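The values are calculated or read from the model by the stated rules, or taken from the named source; none is laboratory data. A quick note: this is a predicted structure, and the numbers were derived from the prediction, not measured. Cβ placement follows ideal geometry from the backbone for every residue including glycine, while neighbour counts extend to all protein chains displayed.
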Amino acid sequence: MTTALDELAARLPSLRLLREPGDLEHYGRDWTRRWTPAPLAIALPANAAEVQGIVRWANDHRVALVPSGGRTGLSGGAVAAHGELVVSLSRMNHVVGFDAADRTLTVEPGMPLEAVHAAAREHGLIYPVDFASRGSCSIGGNIATNAGGIRVIRYGTTREWIAGLKVVAGNGELLELNRSLVKNSSGYDFRQLVVGSEGTLGIVVEATLKLAEPPPPAQTMLLALPSMDAVLVVFRLFRARLALQAFEFFTDIALRHVLAHGAQRAIDGEFPYYVVTEYDAPDAATQEAALTVFGEALEAGSVVDGVIAQSSAQAAALWRLREGITESLAPHKPYKNDVSVRIGAVPAFLHEMQALLAREYPHIEVVWFGHIGDGNLHINVLKPDDLSDDAFIAQCEHVTKLLAGVLKTHGGSISAEHGIGLVKRPYLDSTRSAAEIALMRGVRKVFDPNGILNPGKLFEA
Ligand code: MLT
Ligand code: ZN
């Protein structure tokens, strides 16, 4: 009997297809590790024409497709657990071109973020979006989730850096969106619709990225703080007086995990909160200004200790305290909340949320860290050894429902930067109105009339 997959192989004879159990497992999951991978097979297209062939075949046979990048996602957006064909863009990982006049870099979607950084640097420029999974995540996945990270406070999210996209829509059409124009006032901006759509509208086959001038030389500072309120006070002070590139916080519990995972202690003593901040410090005057601000915070009691990196190796060691958190928590099967509110709403939201979490998780370890300067908090709940996976997730989902209610009253979002995927799907309506969700579904229907692209992600199929 000829299967649909045989027919795909016959239509696209040079398409690489994987069907071994090990491959199905490897490509069928992301970093959530909650769902059992069960894809039909893995397709590794080499170019846009093959992607288009796959999408047309999927429409003919009504086979669901899961677009796949580095699978470092934390919301289940790239999970294939129901016989889908995974479309891994990992072979489409080349630089297509650099345009000096436009200051753009055109790349294929499977390029790791770190390789994009290196390619930009070759031209004396930077691609400024950055985060800890840079070595394994792909630019296509970054676009699918509108990834943020550690430099949003200076540069914004992925969305700001997309000049143009080539996309194979769910109906099989190849779309060239915005054609890298700086000014384009000719109707709907589908490029921005695709950014953050989690593979539900189309598959990105080429991205033209805006590049920026490298920032001035920076200094990295680690601060120890006595309270969450102090973190916010110091943020306001530092933002007013220094040109911040990053302002990230974490708690003592996060520090304990990251130190146990091999990072080096940088400040002696035990303090409840820490901040890693980076700011422009190109000359003696700006470095002096940073010391003055630090001294003022120390005198006011909002900072209790601090250290300024004296070398790039020391700066990297300070950053490891923040960037190593995700990896150090992974063995504890964390349930991850990734929430945001307006920066101005952070203090009121934090107080309500702290009370909620203390009440609902009395005997469970909760780790806080994140991009406090963007109003984005990561709340990681660690699974106790004596609780089953199912009971743990059920409890976390109950609390997330309550958290979603608090977020709604503060006008926040249930996903700041990880995406909705499968994990946050039940809570989408805390962030988006019924009218908005109806429009989102309508848009999806136009791009993907047969619902073959990443069904079940973002909202139920
Ligand atoms: C981070 O900020 O480190 C990432 O969003 C990853 C995470 O939340 O675990
Ligand atoms: Zn983050």
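Can you name the residue in segment 409-434 that is under 20 Å from K457 (Cα atoms) and among the polar types (S, T, N, Q) and, of all such residues, is nearest to ligand 2 (Cβ to nearest atom)?
Among residues in segment 409-434 that are under 20 Å from K457 (Cα atoms) and among the polar types (S, T, N, Q), the one nearest to ligand 2 (Cβ to nearest atom) is S415.
Would you pick out the residues in segment 413-448 that are within 18 Å of the chain's Cα centre (by Cα), in a loop (DSSP other than H, G, I, E, B) and touching a residue at least 60 places away in the same chain (Cβ under 8 Å)?
I414, A416, E417, H418, G419, I420, G421, L422, V423, K424
Can you find even one residue in segment 248-268 that is of a type in the set (F, W, Y), within 16 Å of ligand 1 (Cβ to nearest atom), closer than 24 Å to H378 by Cβ and part of a strand (DSSP E or B)?
Yes, segment 248-268 contains at least one residue that is of a type in the set (F, W, Y), within 16 Å of ligand 1 (Cβ to nearest atom), closer than 24 Å to H378 by Cβ and part of a strand (DSSP E or B).
Can you pull out every residue in segment 13-28 that is over 20 Å from E108 (Cα atoms) and crowded, with 21+ Cβ neighbours inside 10 Å? It would help to see each step written out before you state the result.
Narrowing segment 13-28 to residues over 20 Å from E108 (Cα atoms): 13, 18-26, 28.
The answer is G28, and nothing else.
So, of the residues in segment 302-331 that are in contact with a strand residue (DSSP E or B) (Cβ under 8 Å, 6 or more places away or on another chain) and within 16 Å of ligand 1 (Cβ to nearest atom), which turns out to be nearest to R33 (Cα to Cα)?
Here the residue is L329.
Quick one: how many residues across segment 145-187 are of a type in the set (A, V, I, L, M, F, W, C), within 16 Å of ligand 2 (Cβ to nearest atom) and not in a loop (DSSP other than H, G, I, E, B)? Walk me through how you get there before you give the answer.
Step one: filter segment 145-187 for residues of a type in the set (A, V, I, L, M, F, W, C), giving 147, 150, 152-153, 161-163, 165, 167-169, 174-175, 177, 181-182.
Then keep just the ones that are within 16 Å of ligand 2 (Cβ to nearest atom); that gives 147, 150, 152-153.
Filter again for not in a loop (DSSP other than H, G, I, E, B), leaving 152-153.
So the count comes out to 2.
Which members of segment 370-408 meet the condition of being more than 16 Å from ligand 2 (Cβ to nearest atom), touching a His at 6+ places or on another chain (Cβ under 8 Å) and not basic (K, R)?
L382, P384
Which residue out of V381, V399 is in contact with a strand residue (DSSP E or B) (Cβ under 7 Å, 6 or more places away or on another chain) and away from ligand 1 (no atom under 11 Å from the Cβ)?
V381
Of all residues in segment 134-144 being buried (at least 24 other Cβ atoms within 10 Å of the Cβ) and in a helix (DSSP H, G or I), which is farthest from ligand 2 (Cβ to nearest atom)?
Residue satisfying both the conditions and the ranking: G140.
Within segment 86-106, identify whether any single residue is among the aliphatic types (A, V, I, L, M), in a loop (DSSP other than H, G, I, E, B) and under 17 Å from the mean Cα position of the chain (by Cα), and answer yes or no. I'd like the intermediate steps shown before the answer.
The initial filter retains those residues of segment 86-106 that are among the aliphatic types (A, V, I, L, M), namely 86-87, 89, 92, 95-96, 100-101, 105.
Now narrow it down to the ones that are in a loop (DSSP other than H, G, I, E, B): 89, 92, 100-101.
When the remaining residues are screened for being under 17 Å from the mean Cα position of the chain (by Cα), the result is none.
Looking for residues that are among the aliphatic types (A, V, I, L, M), in a loop (DSSP other than H, G, I, E, B) and under 17 Å from the mean Cα position of the chain (by Cα), one finds none in segment 86-106, hence no.
G73 versus (1) surrounded by 24 or more Cβ atoms within 10 Å (Cβ to Cβ); (2) free of Cβ contacts under 8 Å to residues at least 12 places away in the same chain: which is the lone unmet condition?
(2)
For segment 329-353, which residues satisfy the criterion of being away from ligand 2 (no atom under 16 Å from the Cβ), within 24 Å of the chain's Cα centre (by Cα) and surrounded by fewer than 21 Cβ atoms within 10 Å (Cβ to Cβ)? I'd like the intermediate steps shown before the answer.
Here is the first cut: in segment 329-353, the ones away from ligand 2 (no atom under 16 Å from the Cβ) are 331-333, 342, 344-345, 347-353.
Remaining after also requiring within 24 Å of the chain's Cα centre (by Cα): 331-333, 342, 344-345, 347, 349-350, 353.
P331, H332, K333, R342, G344, A345, P347, L350, listed by residue number.
Could you grab the pairs with beta carbons closer than 6 Å, sequence gap of 6+ or different chains, first residue in segment 374-397 and at positive phi, second one within 16 Å of ligand 1 (Cβ to nearest atom) and modelled with pLDDT of 95 or more?
G375/S340
Taking into account only those residues within segment 73-85 that are touching an Asp or Glu at 6+ places or on another chain (Cβ under 7 Å) and either of a type outside the set (A, V, I, L, M) or in a helix (DSSP H, G or I) (or both), which is nearest to E7 (Cα to Cα)?
G77
What number goes with the only condition from (1) within 30 Å of F235 (Cβ to Cβ); (2) in contact with a Leu (Cβ under 6 Å, 6 or more places away or on another chain); (3) away from ligand 2 (no atom under 16 Å from the Cβ) that I364 does not pass?
Condition (2) is where I364 drops out.
Pairs, please: C-beta under 8 Å, at least 6 apart or cross-chain, first residue more than 15 Å from G70 (Cβ to Cβ) and in segment 123-135, second hydrophobic (A, V, I, L, M, F, W, C) and surrounded by fewer than 19 Cβ atoms within 10 Å (Cβ to Cβ)?
From residues that are more than 15 Å from G70 (Cβ to Cβ), the pairs are H123/F98; H123/A100; L125/A212; I126/A212; Y127/A212; P128/A212.
Name the single residue, out of those in segment 239-255 being surrounded by fewer than 16 Cβ atoms within 10 Å (Cβ to Cβ) and out of contact with any Ser or Thr (no Cβ under 9 Å at 6 or more places or on another chain), that is nearest to A218 (Cα to Cα).
Per the stated criteria, the residue is A240.
In segment 23-43, what count of residues is obtained for those that are in a helix (DSSP H, G or I) and within 19 Å of G421 (Cα to Cα)?
The number of residues fulfilling the criteria is 3.
Out of all the residues in segment 115-171, which are charged (D, E, K, R) and more than 25 Å from Q52 (Cα to Cα)?
R121, E122, D130, R134, R151, R154, E160, listed by residue number.
If you check L193 against the conditions, is it surrounded by fewer than 21 Cβ atoms within 10 Å (Cβ to Cβ), under 22 Å from the mean Cα position of the chain (by Cα), more than 16 Å from ligand 2 (Cβ to nearest atom) and assigned to a helix (DSSP H, G or I)?
Answer is yes for this residue.
Write out, first by first residue and then by second, each pair whose Cβ atoms fall under 8 Å of each other, whose residues are 6+ apart or on separate chains, and whose first residue, in segment 302-315, is closer than 10 Å to Y274 by Cβ while the second is basic (K, R) and at pLDDT below 95.
Listed by first residue and then by second, the contacts come to nothing, as the list is empty.
For segment 283-301, what are the residues that are in contact (Cβ under 8 Å) with a residue 60 or more places away in the chain, closer than 22 Å to E270 by Cα and touching a strand residue (DSSP E or B) at 6+ places or on another chain (Cβ under 8 Å)?
F294, A297
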